[in-house]
Amino acid sequence: MKIKSIITIAISAFTLTTTAQTEKGTFLLGGSVGYSSNKHKSSSQSTSTKSDFITISPKIGYFVGNNFAIGTKLDYTTSKNMYRSSDYANGSDVFSSSEKTHRYGISPFARYYISLTEALKFYGELEMLFEKGKSKRIYDNGSPSSSPYKFNAYRPALSPGLVFFPSKKWAIEFSFPLISFERRTYSELPEANFKSNTNSFDFGLNTFNPKLGFNYHF
């Protein structure tokens, strides 16, 4: 009888500590960090591009209903693109350059959770990113290869994710952007007399960019 009582108490305590804090009236506070890197070579192997991205996104949210939260995120992204072109005859470099970009944004979001187990939940998140950034491209010798430019952008995106609750208040989440659309407006600096617009649509399985996040629920 004593052993059964101890087991029952242990199971009850575990259930209590892993119950997810996604009820109405609670908050979540946390953030995520993302990193991606990719390489691309032309079919002729004469040019290549290497890109690295780091994203940091602190966020706060409030559960307006059970399993349904709204909130906002701050986004900072730094990226570096390396460009290299080679001579056809002997493979020597014709030129190489790099482009560094810094982006700052804010993203209102809404997400809904679906329980899989007591400690594991699936969620879908819809966000709208408003972003500003600045980019500069230079040759390896230090001289600029083009004028620096700035840009503004907005991007709605749908992202699925999994969240694991190792305790009642702490959560670890893994997510990636599934579908997104972005419209970006560029202008030169410092003259700002040139503007152009680009539109892009991304399906996350083609450009996999996962994020790992930690949240505190209270």
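If I filter the stretch 91-129 down to residues being acidic (Asp, Glu), part of a strand (DSSP E or B) and at pLDDT 70 or above, which single residue comes out as farthest from residue 154 (Cα to Cα)?
At the first step, the residues of the stretch 91-129 found to be acidic (Asp, Glu) are 93, 99, 118, 125, 127.
Remaining after also requiring part of a strand (DSSP E or B): 93, 99, 125, 127.
Going one step further and asking which of them are at pLDDT 70 or above, we end up with 99, 125, 127.
On the way: 99: 21, 125: 16, 127: 10 Å.
My answer is 99.
Residues that are at pLDDT below 85, closer than 25 Å to residue 162 by Cβ and not aliphatic (A, V, I, L, M): find the strands (runs of 3 or more DSSP E) completely inside the stretch 1-90 holding 2 or more of those.
27-41
The values are calculated or read from the model by the stated rules, or taken from the named source; none is laboratory data. Everything numeric here is computed off the predicted structure, so don't read it as measured data. Virtual Cβ from ideal backbone geometry, glycine too; neighbours counted across all protein chains shown.
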